[in-house]
């Protein structure tokens, strides 16, 4: 393997890790929204059993992701309301909702990664953190979100 491929692999591994941490922290905020955001995030990122050994770059990227999702949660949930038939965001499993918020933001609103990558990453995160049905559900919602942002489906 070339040095360039190793570098790219480490970079994408670090990005994935920052998303994993973001999902975990955002789930805790979803369950306990009254907690102090900044203090809780710093505590979370420095816990011995969570992120203490992660690089500063991973932690900084996680901070940015959770801040952006939390600040735009209402806007993102509006998108989810438009693309999910029969499920309001508050009725979804917390981890599914969290993954969808994160990946809708990154893949469709910020466009920081290609759509297919956003869908794949959402499914991967759902496999890691969700229920046995999470990956299929998240994949379906992400596909509908892609169609919505492409203008293929109308608001419901």
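Does residue 22 satisfy the criteria of being closer than 22 Å to residue 122 by Cβ, modelled with pLDDT under 90 and surrounded by 15 or more Cβ atoms within 10 Å (Cβ to Cβ)? Taking the combined requirement at face value, the residue does not satisfy it. Residues considered: 26, 80, 43, 47. Of these, the only one that is within 29 Å of residue 13 (Cβ to Cβ), in contact with a helix residue (DSSP H, G or I) (Cβ under 9 Å, 6 or more places away or on another chain) and not assigned by TED's automatic domain parsing to the domain that holds residue 100 is 26.
Only residues that are closer than 20 Å to residue 126 by Cα and surrounded by 12 or more Cβ atoms within 10 Å (Cβ to Cβ) were counted across region 69-100, and they come to 21. Pairs are defined by a Cβ separation below 7 Å, a sequence spacing of at least 6 or placement on different chains, a first member in region 31-59 that is at negative phi, and a second member that is in a loop (DSSP other than H, G, I, E, B) and loosely packed, with under 10 Cβ neighbours inside 10 Å; no pair meets this definition. Name the single residue, out of those in region 101-143 being outside any helix (DSSP H, G or I) and in contact with a helix residue (DSSP H, G or I) (Cβ under 7 Å, 6 or more places away or on another chain), that is surrounded by the fewest Cβ atoms within 10 Å (Cβ to Cβ). By that ranking, first place goes to 112. Inspect all residues belonging to region 129-141 and state whether any of them is under 16 Å from residue 20 (Cβ atoms) and without any contact (Cβ under 8 Å) to a residue 40 or more places away in the chain. Among the residues of region 129-141, at least one is under 16 Å from residue 20 (Cβ atoms) and without any contact (Cβ under 8 Å) to a residue 40 or more places away in the chain, which makes the answer yes.
Yes or no, residue by residue, for (1) in the same structural domain as residue 136 (by TED's automatic domain parsing); (2) at pLDDT below 90; (3) under 15 Å from the mean Cα position of the chain (by Cα):
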{"site": "1", "(1), (2), (3)": "no, yes, no"}
{"site": "14", "(1), (2), (3)": "no, no, yes"}
{"site": "30", "(1), (2), (3)": "no, yes, yes"}
{"site": "56", "(1), (2), (3)": "no, no, no"}
{"site": "61", "(1), (2), (3)": "no, no, yes"}
{"site": "95", "(1), (2), (3)": "yes, no, yes"}
{"site": "100", "(1), (2), (3)": "yes, no, yes"}
{"site": "103", "(1), (2), (3)": "yes, no, yes"}
{"site": "112", "(1), (2), (3)": "yes, no, yes"}
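Return yes or no: is residue 152 outside the structural domain of residue 26 (by TED's automatic domain parsing) and either more than 16 Å from residue 24 (Cβ to Cβ) or not in a helix (DSSP H, G or I) (or both)?
yes
The numbered conditions (1) under 22 Å from residue 142 (Cβ atoms); (2) assigned to a helix (DSSP H, G or I); (3) in contact (Cβ under 8 Å) with a residue 12 or more places away in the chain are all true for residue 78 except (3).
May I ask you to list the residues in region 49-67 that are surrounded by 18 or more Cβ atoms within 10 Å (Cβ to Cβ) and not in a loop (DSSP other than H, G, I, E, B)? Within region 49-67, 58, 59, 61, 62, 63, 65, 66 qualify.
The values are calculated or read from the model by the stated rules, or taken from the named source; none is laboratory data. Because the structure is a prediction, the values reported are computed rather than measured. When we count neighbours, we look across all protein chains shown, and the Cβ atoms used for this are built from the backbone with ideal geometry, even at glycine.
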